[in-house]
1. List pairs: first residue in region 132-147 and closer than 16 Å to L47 by Cα and at pLDDT below 95, second residue away from ligand 1 (no atom under 13 Å from the Cβ) and outside any strand (DSSP E or B) anywhere in the structure, Cβ distance under 7 angstrom, at least six positions apart or on different chains.
2. Here's a check for you: in region 54-83, which residue that is assigned to a loop (DSSP other than H, G, I, E, B) and more than 16 Å from the chain's Cα centre (by Cα) is farthest from H111 (Cα to Cα)?
3. Filter region 111-146 for residues that are in contact with an Asp or Glu (Cβ under 9 Å, 6 or more places away or on another chain), outside any loop (DSSP other than H, G, I, E, B) and within 15 Å of ligand 2 (Cβ to nearest atom) and give the result.
4. Could you tell me whether C77 is touching a strand residue (DSSP E or B) at 6+ places or on another chain (Cβ under 6 Å) and surrounded by fewer than 24 Cβ atoms within 10 Å (Cβ to Cβ)?
5. Got a sec? Which of L100, L94, L80 is of a type in the set (A, V, I, L, M), more than 15 Å from L130 (Cα to Cα) and either away from ligand 2 (no atom under 16 Å from the Cβ) or out of contact with any Asp or Glu (no Cβ under 7 Å at 6 or more places or on another chain) (or both)?
6. Among the residues of region 104-129, write down those that are more than 15 Å from ligand 1 (Cβ to nearest atom) and within 13 Å of S49 (Cα to Cα).
7. Of the residues that make up region 153-168, is at least one more than 24 Å from V3 (Cα to Cα) and among the hydrophobic types (A, V, I, L, M, F, W, C)?
8. Just name the residue that is surrounded by the most Cβ atoms within 10 Å (Cβ to Cβ) out of those in region 150-175 that are over 27 Å from W195 (Cα atoms) and in contact (Cβ under 8 Å) with a residue 24 or more places away in the chain.
Amino acid sequence: MTVTITWLGHATWQVQTGRHTLVIDPFFDGNPAATMAAKDVHCDYVLVSHGHGDHVGDAAAIANRCDATVISNYDLCLWLSNTQGVQKTLGMNLGGSATLPFGRVKMTVAHHSSMLPDGSYGGNPCGFVLRLPEKTLYFACDTALFGDMKYIGDMGIDVAVLPIGDLFTLGPEDALEAVKLLRPKQVIPSHYNTWPPIAQDARGWAKVVEQQTSSKVCVLEVGEALKL
Ligand code: NI
Ligand code: MN
């Protein structure tokens, strides 16, 4: 079986594994980098890393239309069910794991903030490690650099998806340090070029990473997929 990871723009990713489709941080409507609309997305799980609008985005609309389960922190799941009418949620918290039909999800630390668009408390921001039958993926989501990435690396990461946009998250220099700690076989840059303040030269960054580490960098265009 293959796992397919598709960049849908900004920090929005689709993962296809077996019969399951996961969408991570679905932000389509109002996303200048998106090439598809939220109404055209089909998935059975929606993972949301934190409460900011560019991540929680279209989560409720997609989950309700697709009858998908939203996986996020407990507090954000409560907000989705109480105020957005989301029927199916799995609330987790940092350090916890859950076994689901597609594999095992671990909610990892992210150093960021998480207020929801209406000002509500959005719980702790997080990243996700997905242990799929085929591969182990790590989505750092919005975060600063932290030394415990070393322990995430010890899980044996096949693909790490890291923000490189700077300003709000890891920038290119710290994302390079993150690769050194995580030691993934492959790394994919995320959360850049959506707006001018987070414009980055991903191919230039890829060269530096490949010179200084043994990780391969896969720079995707929006809509492009990596098949593993
Ligand atoms: Ni954010
Ligand atoms: Mn963000």
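The values are calculated or read from the model by the stated rules, or taken from the named source; none is laboratory data. Note that the structure is a prediction, hence the values are computed from the model and not measured. Cβ: placed from backbone, ideal geometry, glycine included. Neighbour counts: every protein chain shown.
1. none
2. Keep residues of region 54-83 that are assigned to a loop (DSSP other than H, G, I, E, B), which gives 57-58, 67-68.
Restricting the remaining residues to those that are more than 16 Å from the chain's Cα centre (by Cα) gives 67-68.
On the way: D67: 31, A68: 27 Å.
In this case the residue turns out to be D67.
3. Hits for region 111-146 are G127, F139.
4. Values: touching a strand residue (DSSP E or B) at 6+ places or on another chain (Cβ under 6 Å): yes; surrounded by fewer than 24 Cβ atoms within 10 Å (Cβ to Cβ): yes.
In short, yes.
5. Values: L100 fails: more than 15 Å from L130 (Cα to Cα); L94 fails: more than 15 Å from L130 (Cα to Cα).
That would be L80, the only listed residue that is of a type in the set (A, V, I, L, M), more than 15 Å from L130 (Cα to Cα) and either away from ligand 2 (no atom under 16 Å from the Cβ) or out of contact with any Asp or Glu (no Cβ under 7 Å at 6 or more places or on another chain) (or both).
6. V105, K106, M107, T108, V129
7. Step one: list which residues in region 153-168 are more than 24 Å from V3 (Cα to Cα), which gives 165-168.
Adding the requirement that they be among the hydrophobic types (A, V, I, L, M, F, W, C) leaves 167-168.
Yes, that holds for at least one residue.
8. Let us first name the residues in region 150-175 that are over 27 Å from W195 (Cα atoms), namely 150-158.
Restricting the remaining residues to those that are in contact (Cβ under 8 Å) with a residue 24 or more places away in the chain gives 150, 152-153, 155, 157-158.
Details: K150: 12, I152: 24, G153: 18, M155: 13, I157: 22, D158: 15.
Only one residue tops the list, namely I152.
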